[in-house]
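Before any comments, here is the structure.
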Amino acid sequence: MKKDQAIEDAHLEYMELAQNPGSPAAAAKPQPQPKPGEFKHIGQDTPRVDGKKIVTGAAAFTHDLYFDGMLNAKILRSPHASADVVSIDLGPALNYPGVMAALKLKEGRVKWAGEQIAAVAALDEKTAEEALALIKVEYKVLPHVVSEEKAMEQGAPPVQDQGNVQKLNEYNRGDIEKGFKEADLVFEQTYKTSWEVHQTAETHSSLAKWDGDNLTVWDSTQAVQSVRDGLARSLNIPAGRVKVIKHYMGGGFGSKLSLNDYTVVAARLARETGRPVKVVLTRKENSYCVGYRPSARMTIKAGVKKDGTLTAIHWKNYVCGGIGRGDRCAEPATDVYKCPNVKVEEYSVFVNTCGSRATRAPGHTQGTFGLEGFMEELAAKLDLDPLELRLKNYSAKDKGDTGTIYSTKGLDQCYKLGAEKIGWARRNKKPGAGSGKIRTGIGLASQIWPGAGVPGTLADLKIYADGSIEVECGTQDIGCGTRTHIAVVAAETLGLEPRDISVKIGNSDYPWAPISGGSLTTPSVAPAVRDAALKAAEYLKGLASKKLNVAPAEIALENNKLVVKADPAKAVEIKELARSLPRPIVFHGERSAHPSTYVFQTFGAHFAEVEVDTETGKIRVKKVVAAHDIGRVINRLTAESQVLGGITQGLSAALFEEKLMDPETGTMVNPNLHDYKIATSLDIPEIVPLFADVVDDRLNNLGAKGLGEPPRIPPSAAIANAVYNAIGVHVREIPMTPAKVLAALKRKEAKP
Ligand code: MOS
């Protein structure tokens, strides 16, 4: 299980990084901030600098790459969910014309259907596929279990040696029993989320090519630097001999956060054959072999005063992530609302399917579905406005107002902006108060997520002697518009246009940047670029000061020039100054540390409006208003794209998505985009992205936080709450299929 362990370790490392980005102990000084009104580009709508390339098909994705002499690899996967591999005979495959190499990949116990067993490299994909069928594998098939319920039963086939149920997380503050005693009302309810597959548009893919002892891998990855380090470890070669490149990518959402097993296979086959080897996972493999969001079954019990004051929260959760431990989901419950007494117990349930992976806002997405559904039902019990209930328990510090103060918190602004825009007063004052076949409702959900960025991120800004300017950073664009953010920040700082900046990213040889996950990229990279550009600006002002005979402080950078502030007619072009440079000059930028006296989080609130057909059980989402506090917005256009994407995925999970397993064979029954339902353009409502006006001047030199994950967190809960508001009964389980909606309506009829 070495490979699975590695993926699981990467997952946990990622969670650590996302939730506690390792701020050095030294408290940092407040960072110099640009002043409002000072911007030409930051916070404006800048079209992607590479947009034309992407929409015309000129951008090279890993799938698109081709080299002369290149071989295609295919992987044989276990058809059994639990078995011992007795023997593997590669002979017939190796003798098949066109096959250049084959590898055995497994010894001993197989724990899920889809584990790598063997691989071949052949002249083309079809030959490789045919050769797989010739590999002879003898298995000793063992009993398996793929359902969480069954795995918890006495005598269930053991998935992990230590037992199928293991403690994942516990947390306590205050005195939970005392909290329940102080309550006027104690309420308990259970909420469930399903296994959601990432379903990236571009399936997983790697291409490996050796040049002597040096390996280059083009990888569809969210993390060129960690894939480099992982490959070096796996192949036992120095990290400096490995280069990982990622130009463009069709989605990762957490499934491409670290080195994948098939990438190592491509590198090994390339070394053995002396030819470039490419592996592209099929849609089927992409559906059942590279992770999914682990499910959660959250039982929440809370004590509350008549006026809505929370006195106690007990959070008990069973997560199921196949052979992996899954996500801790309790953070929204421990952090979002003021509550002195909290107890958390979370357990992993192990079953024989592929290990889950971080999936866009891991843990918080499930936890928010539970917590926010619960808050909505609690408000109805107390006959309170659900927004009032949230405001009643508003906190200024983390850990439910018992911990460290938030550096800034604009959640109140988000509530205000969102409630106004959706027309909160239009909702049913009592859930289900409407009549007729089609019922409408409005619901809300709150969101919290770290997304503060990683100190120590590096970026180099280079001025060439022809005056052209380039930024190099070992980050990667996973589709969010990172090249554009970098160009915007550098251009803003140097008085240029974004198109004037050459941006070089997606190469592990460039200066260090973290994984693109955890909403880390912009708040890590943009401040490093800003730092480098500020240093370049100082240097240029120094040069211009001699030429213009004024002090550097009297000089501003604008419109490609250095201009004397008091006398704009006196100016010198950057190009002209650069001509005097003896060589290109590089300015090293670094993302600063976080002050340890504050906690940094992103906040948001979504408001959804739905229509429910009470005869068919079908839900139609009409509108979602999404208000976010992410500090300073760097580029409004791409920020809005993040919100549209997050809501699309959240809606999709709320209504459609579920990885389904066949209990008999232990295999996935819907590993394709026909049977695995995702939202399509016809399902997408009107979406209104709004941003609170908050700048966090303690956070970094731009006051910018991340937005990759925040908009993915509240939509499923906001939609479920709107459904509750429409029909007066909470569905409590996603996906809210028509059958579940009808069952909920029946439940309501049974006990009105
Ligand atoms: Mo992620 S789950 O931040 O790629």
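Just so it is clear, none of the values below were taken in a lab; they were calculated from the coordinates. Please read all numbers here as calculations on a predicted model, not as lab measurements. Counting neighbours? That spans all protein chains shown, and the Cβs are built from the backbone with ideal geometry, glycine included.
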How many nm separate the modelled label positions at residue 437 and residue 63, each set 7 Å beyond the Cα in the direction of the Cβ?
4.1 nm
Going 7 Å from the Cα of residue 129 in the Cα-to-Cβ direction, what parts of region 650-673 have a backbone nitrogen less than 11 Å from that spot?
none
For residue 150 and residue 669, extending 7 Å from Cα along the Cα-Cβ vector and measuring point to point gives, in nm, a value of 1.2 nm
Given axes a ≥ b ≥ c from the Cα gyration tensor, I'd like to know whether region 565-616 is rounded (a/c under 1.5), prolate (a/b larger than b/c) or oblate.
prolate
Note, residue 458: beta-carbon cut-off 12 Å, +1 each Lys/Arg, -1 each Asp/Glu, net -3
Roughly speaking, what is the stretch gain from residue 189 to residue 559, that is 0.36 nm per residue apart minus the C-alpha to C-alpha distance, in nm to one decimal?
127.2 nm
Could you put 707, 562 in order, starting from the residue whose Cβ has the fewest other Cβ atoms within 10 Å?
562, 707
For region 179-261, rounded, prolate or oblate, judged on the Cα gyration tensor with a ≥ b ≥ c (square roots of eigenvalues), a/c < 1.5 rounded, else prolate if a/b > b/c?
prolate
Kyte-Doolittle at least -1.0, axis length at least 30 Å by Cα - qualifying DSSP helices, the chain:
521-548
Once every DSSP H run of n ≥ 4 in the chain is given -39500 (n - 2.57) and the sum is divided by its residues, what mean residue ellipticity at 222 nm do you get, rounded to the nearest 500 deg cm²/dmol?
-8500 deg cm²/dmol
If you add up the charges near residue 275, with Lys and Arg at +1 and Asp and Glu at -1, over every other residue whose beta carbon is less than 11 angstrom from its beta carbon, what do you get?
+1
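Could you tell me whether region 585-736 comes out rounded, prolate or oblate from its Cα gyration tensor? Rule is a ≥ b ≥ c as square roots of the eigenvalues, rounded for a/c under 1.5, then prolate if a/b exceeds b/c, otherwise oblate.
Verdict is prolate for region 585-736.
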Given a cut-off of under 8 Å on Cα pairs at least six residues apart, what relative contact order in percent is computed for the chain?
18 percent
Give me the percent of DSSP beta bridges within the chain that run antiparallel, rounded to the nearest 5.
80 percent
